[in-house]
1. Could you pull out the residue among A97, A78 that is in contact with a helix residue (DSSP H, G or I) (Cβ under 8 Å, 6 or more places away or on another chain) and either open to solvent by less than 90 Å² (accessible area, probe 1.4 Å) or at pLDDT below 65 (or both)?
2. Suppose the filter is modelled with pLDDT under 95 and either closer than 26 Å to A210 by Cβ or not in a helix (DSSP H, G or I) (or both); does E57 pass it?
3. Across the stretch 2-33, what is the total count of residues that are modelled with pLDDT under 90, under 27 Å from A201 (Cα atoms) and loosely packed, with under 13 Cβ neighbours inside 10 Å?
4. Output the residues belonging to the stretch 104-132 that are in contact with a Ser or Thr (Cβ under 9 Å, 6 or more places away or on another chain) and assigned to a loop (DSSP other than H, G, I, E, B).
5. Identify all residues within the stretch 133-149 that are of a type in the set (G, A, S), assigned to a helix (DSSP H, G or I) and either in contact with a strand residue (DSSP E or B) (Cβ under 7 Å, 6 or more places away or on another chain) or under 16 Å from A199 (Cα atoms) (or both); write none if there are none.
6. List every residue pair whose Cβ atoms lie under 6 Å apart, where the two residues are 6 or more positions apart in sequence or sit on different chains, the first residue falls within the stretch 137-157 and is touching a residue at least 24 places away in the same chain (Cβ under 8 Å), and the second residue, located anywhere, is assigned to a helix (DSSP H, G or I) and basic (K, R).
Amino acid sequence: MAAFLIYILKSAFVLALLVSLFMIFMSRETFHKVNRYIMLSIVFIALLLPAVNLGIESPFKGLVAAIENSLAAEEPEAVVGDIAIDMPAFDELPDVALQLPPLEPVEEKPFNWLLLAAVVYFAGVALLVVRQAVMYVQVARIIARSRVVDASLYGCEGISLRVHGGKEKPFSWFRWVVVSEDDLGDGAREILIHETAHARAGHSWDIVLADAVI
């Protein structure tokens, strides 16, 4: 578990660094296809790089050692008055009769920080999974409740055009393109061509991948 949490920290650090560099140098570029490939590459680099041993001293090495030390089991000690007796060393003494009262070893269990970190992490994962599931259900409801319109009337092929009476902005979700009644007015053809391009390029898969990584 410790190795997994350290991997998550490394992956998050790499992802944050690369996305920051992308936003600084590439966010204003209009080469959308190139930007898409760069962003997808950033995701896979952030997932794979922390698992590769490059022979470079890791800044997380000290953190790993601290976690391992905190989880190391301590040898029990017996206390007589104000004197602590090391029980394993005591066992190595010659077998002679000693007039000592019966002793009960006092063992202090260190707080399990690893368990706490794991609980917090997986609780966060569960909350995000529920949040994304709710969003996907909402999208599915909008699509299911919208009326079907022939997309070929607007010069678009290969999609399923759905029109709703709400205020949601136009979007595409896999093969569906969803617009409001107001969007079918002026400029409808430009909107549909734009969303159709997203649908054909498979950008919905990009969204699902990004949600999974988050």
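The values are calculated or read from the model by the stated rules, or taken from the named source; none is laboratory data. Because the structure is predicted, anything quoted here is derived from the model rather than measured. Heads up, the Cβs are rebuilt from the backbone with ideal geometry, glycines too, and the neighbour counts pull from every protein chain shown. Just so you know, the surface numbers come from the protein's heavy atoms only, side chains and all, with ligands and any DNA or RNA stripped out. Shrake-Rupley method; radii C 1.70, N 1.55, O 1.52, S 1.80 Å.
1. A78
2. In short, yes.
3. Within the stretch 2-33, residues that are modelled with pLDDT under 90, under 27 Å from A201 (Cα atoms) and loosely packed, with under 13 Cβ neighbours inside 10 Å number 8.
4. Listed by number, the residues that qualify are P110, F111, N112.
5. Within the stretch 133-149, A140 is the sole residue that qualifies.
6. As it stands, the answer is Y154/R189, since those pairs meet every condition given.
Residue-wise test of (1) open to solvent by less than 50 Å² (accessible area, probe 1.4 Å); (2) in contact (Cβ under 8 Å) with a residue 24 or more places away in the chain; (3) within 25 Å of S41 (Cα to Cα).
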| residue | (1), (2), (3) |
| --- | --- |
| V125 | no, no, yes |
| S160 | yes, no, no |
| K167 | no, no, no |
| A188 | yes, yes, no |
| I207 | no, no, yes |
